[in-house]
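Read through the structure below, which is laid out as structure tokens, and then see the notes.
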Amino acid sequence: MDIHSSTDTATHMRDPAVVMAPTRLGAMHQNRISFVRTLIRKMAQQQWQVSQHEWQLSAQGFGHVIYKLKTENAEYHLVVFCNDIADDERNDRVIAEKWDVTFALVSGAVSQALLAQLQANVPLQEAGRNPNNVLVLARANKSVRVFQHLVSKLAQGQQPDTQELAEVGYILRTTAVYGNGKFGIADFKLLENNSDFSQSFSAQMCAVYLLRQFSLDWVHYLAEQQGGKKSVKLNRDLQRYLGIGNATGLGMAPYLINHPSIVDQWMSSREAALTTVLSNNITADKIEPLQTLLEKAISHLQQVVTINTDQQAFNATARADLNTLIGKLAELNAKQTWADLVTQSTSLSLEGQEILLSCLMELYPEQVDQFQNIMNCDETLSLPSGKKVQDLIAILESRYQWAIATDFTKAENNYWFWYRSQEKEEPRLGIRGEEAGEDKELPLDVGRQTYHLYQALLHSPARTSLAEFLIQHPQFRSIARRAWTLGHKQMGDIQMNVLHKDALPIHLLRCKLAVFGATKFDPRSNLWVRVTFFQGAPLLDEIHDGEWLFPILPEKNTLSATSNISQGEL
Amino acid sequence: MIVSHNELMAITNKAFLGMHRTCGEADEIASMVVNLQMVGLNGIRHFNKATQFLTQEKDCPVSISQASVGVLNVDLHGCSLACHLPVIIDYAIEKMVGKKKLIIKLQHCHNRWLAYSELVKLANKGIACKAQWNNGTAPKRTLYILNRGQITPEIFLSNDMSNSAPSSDHDMTIELSLKDFNVNALSSDYETHIDSSDLNNAQDMAWNKGIDVDDAEWAILKNTATAILVENSEQSQQGAGGLV
């Protein structure tokens, strides 16, 4: 991408106060440059090949399986271990110690010695140690209901009840997908020059995509074990409809707070892509595809099952909003740009607005997809030489109003404290003054630190050099580096006081999950959400550049005709 | 054992945060430790040594005075260099504007090996750097020279104090210059040379194969990092959102 077009785009981007507001981040949806989308395009364009390399499962489905991934440049293996666990051992939280499935994505070949090492360590997850040719370490639990229903029906030669599938949307649900050096595996730096996985989180996304194929192969295998020749494979439309679930808790929030440059880069790249799209004049040939996408989104929201009453209401409002919007599409004319439509749509709910943005980005792949390559960034937080106290004050007043205008002497603005528990270092929230652990509070209070920095700066002569100020007040250097660096980036920091009594960490989780490409948001509490990945994505043997956005359950009369073919015939 | 860069960064970060010091930045200190460890110069051991004293040291700003043109005296009041060097270097670079060289005389400080990576950053900014200090135990004299654009320094060690100018065992002198230092002339009375290429190779190896750490030192660091953890309780378990 050339710098001039990028700079020009930057001048028309939306205000960071709008884009980085927590409630809007908490309404984000997948778009074309979400990581799962980028991965699928790359796999299709470069014709990556995946094959079953080893299948060493017992008749009950326990043992190990290895898939081989061959790219243009190298070979990788996904090594999956299937374990027999009791129902009461199945726990999605980080404090769990056993899982139905544990797996690792390995660079290169898997020798017998390496397999033995993985066998001894991968099932232990955090308690194991792995070599640095392991790129991804992860685990997943079954949706017991879907798993049992599928195996039982397919074994009997029948297709499943589609409603059972729709309520869940996956067979396996990941509960942690580790990369970047965790527990001895490869640092991300090692992948910087690996053209297959140089984009951050792409190795993790690939491991999850391969696991989706395993989840299908696994139920087919067990159905055949139980039903023999009578068994059938799952209808391909339904296979495509099933993704991989994911349970994400509070632990993801500290990542977003501790990696502000990465979050800025993700959001700035999306915003740059969006700005490019919105500058196009509305043309008649784009109206119909837009309407189709919006209708698909309405169906998707209709089918999302969530126990969260707020999310139910958001989805219902968004459906109504999108129906209204569809009714107005005919009034659009070629003198308008898409930006005009977005401006007219600001009265819609945030869910509705965000869905519209994702749909609009879908209409211009040739303009949007180039931005997928600028999702990585340098994370250095630094202060330049020669700056004065007044220079930093100016940045805080222009970019950190959300922090400096908050009165941190009020209890409600300091309500929570964040800490790590001795229990597997799980990040948790405690109520200040009521719960133990406040003395070990994590410094995730970006808003409060910025407020205190601002107050100290105001009490210093404006023309004092910043370096001199920090010699006298070294406790502020860390937040000063952050505020200066992020204050000069396009989108900057997330504008959220995470200590506030009403702060919803789930907004942070939703933002990251949407950037990854999650769908079907099902909050289980204010700190915990279930989603699906790759739901509606092409299957491995049909991988193609065509895309999906909002997965919807195939209608019974459109299901393809593979359902009655027995496994023996395939 | 072998650990990853990210693991060592994260655990050092936690270990320092657990000490709840006002001065010192956890991410900067973690970088100091990791970068020193990656070139094979025992970053973890130096940090573990520092942690024995950090919580008992003063936790206050340094005092800086200009001794003469081009010379800064910095009193660290007995604190660890790790907690203050980044802020001192920022200040020194501003004071160097318009000058060809600047001498920073650090007094009453500890953990001078941890200066390693902050000084490496200077070379990337086009500033050559020479640092030297004396120690009560071997090696008694250390000289660190990093000329402009180099990735790793030349390090010289000696136990011979006969040619050494009198200096406290808790001081360190850093000289910044826009011109490169004459390595041969400055190092002639040092017995041991750690070649920059050896450090460079060690660093490459650490990136590619993982970072080699001493098991006992790693265990100490891990234990230090537990100070930030809060005891588990029934109430605490609800603080992660629970399961529905």
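The values are calculated or read from the model by the stated rules, or taken from the named source; none is laboratory data. Given the structure is predicted, the values throughout are model-derived calculations rather than measurements. A quick note on method: Cβ atoms are made from the backbone with ideal geometry, for glycine too, and the neighbour counts reach across all protein chains shown. Ligands, DNA and RNA are stripped out before the accessible areas are found, and what is left, the full protein with its side chains, is counted by its heavy atoms. Shrake-Rupley method; radii C 1.70, N 1.55, O 1.52, S 1.80 Å.
A compact table of results
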{"quantity": "At R0 = 22 Å, FRET efficiency that the Cβ-Cβ distance of A:ARG90 and A:GLN422 yields, to 0.05", "calculated": "0.45"}
{"quantity": "Among the listed pairs A:LYS387/B:LYS99; B:LYS14/B:LYS140; A:LYS153/A:LYS229, those beyond 20 Å (Cα-Cα)", "calculated": "B:LYS14/B:LYS140"}
{"quantity": "Fraction of accessible area attributable to carbon and sulfur, the protein assembly as shown (%, probe 1.4 Å)", "calculated": "48 percent"}
{"quantity": "Dipole-positive endmost among A:PRO160, A:SER299, A:LEU429 within chain A (Cβ charges, Cα centre)", "calculated": "A:LEU429"}
{"quantity": "All Cα pairs of the stretch A:130-288, percent lying beyond 25 Å", "calculated": "51 percent"}
{"quantity": "A:GLU167-A:SER152 pseudo-label distance in nm [points 7 Å out on the Cα-to-Cβ vector]", "calculated": "1.2 nm"}
{"quantity": "Exposed GluC sites (Glu not before Pro) absent: longest stretch of chain B, with sites in DSSP loops and at most 16 other Cβ within 10 Å deemed exposed", "calculated": "B:1-190"}
{"quantity": "Rounded to the nearest 10 Å², the accessible area of A:SER198 at probe 1.4 Å", "calculated": "40 Å²"}
{"quantity": "Computed accessible area, B:SER188, all protein chains, 1.4 angstrom probe, square angstrom", "calculated": "90 Å²"}
{"quantity": "Efficiency of FRET from Cβ geometry, B:ASP198 and B:SER162, R₀ 30 Å, rounded to 0.05", "calculated": "0.65"}
{"quantity": "Mean Cβ count within 10 Å, highest first, over the residues of peptides A:322-330, A:529-537", "calculated": "A:529-537, A:322-330"}
{"quantity": "A:GLN312 versus A:TYR255: modelled label distance in nm, points set 7 Å from Cα along the beta carbon direction", "calculated": "3.0 nm"}
{"quantity": "Electrostatic dipole magnitude of the stretch B:131-244 [Cβ: Lys, Arg +1; Asp, Glu -1; Cα centre; debye, to 20]", "calculated": "280 debye"}
{"quantity": "Accessible heavy-atom area order of B:LYS101, A:LYS182, B:LYS209, highest first, probe of 1.4 Å", "calculated": "B:LYS209, B:LYS101, A:LYS182"}
{"quantity": "Computed label-point distance, nm, for sites A:GLU72 and B:ASN223 using a 7 Å Cα→Cβ extension", "calculated": "5.2 nm"}
{"quantity": "3J(HN,Hα) from dihedral phi, the stretch A:18-31, Karplus parametrisation 6.51/-1.76/1.60, rounded to Hz, x for glycine, proline", "calculated": "7, 5, 9, 5, x, 5, 6, 4, x, 10, 5, 10, 4, 9"}
{"quantity": "Label-reachable residues, the stretch B:4-18, where backbone N falls under 19 Å from a point 7 Å from A:LEU124's Cα toward its Cβ", "calculated": "B:4, B:7-8"}
{"quantity": "Average partner coverage of A:467-479, which counts Cβ from other chains inside 10 Å", "calculated": "6"}
{"quantity": "Farthest positive-ward along chain A dipole, Cα basis, beta-carbon charges - from A:CYS206, A:VAL177, A:THR309", "calculated": "A:VAL177"}
{"quantity": "Peptide-level mean, for A:429-441, of C-beta atoms on other protein chains within 10 Å", "calculated": "4"}
{"quantity": "Residues of the stretch A:71-113 with amide N under 14 Å of the 7 Å Cα→Cβ point at A:ASN194", "calculated": "A:71-79, A:104-110"}
{"quantity": "Over chain A, volume per residue of the alpha carbon convex hull, in Å³", "calculated": "165 Å³"}
{"quantity": "From phi via Karplus (6.51, -1.76, 1.60), per-residue ³J(HN,Hα) for the stretch B:35-47 in Hz, x at Gly/Pro", "calculated": "5, 5, 5, 5, 8, x, 10, 6, x, 5, 4, 5, 5"}
{"quantity": "Nearby aspartates and glutamates by direct alpha-carbon distance to A:LYS556 (threshold 12 angstrom, same-chain neighbours under 8 apart not counted)", "calculated": "A:ASP161, A:ASP237"}
{"quantity": "Average partner coverage of B:207-215, which counts Cβ from other chains inside 10 Å", "calculated": "3"}
{"quantity": "Ranking by accessible area, most exposed first, for A:SER398, B:SER80 with a 1.4 Å probe", "calculated": "A:SER398, B:SER80"}
{"quantity": "Distance violations [Cα-Cα > 29 Å] among A:LYS489/B:LYS179; A:LYS489/A:LYS512; A:LYS501/B:LYS222; B:LYS100/B:LYS121; B:LYS49/B:LYS121", "calculated": "A:LYS489/B:LYS179; A:LYS501/B:LYS222"}
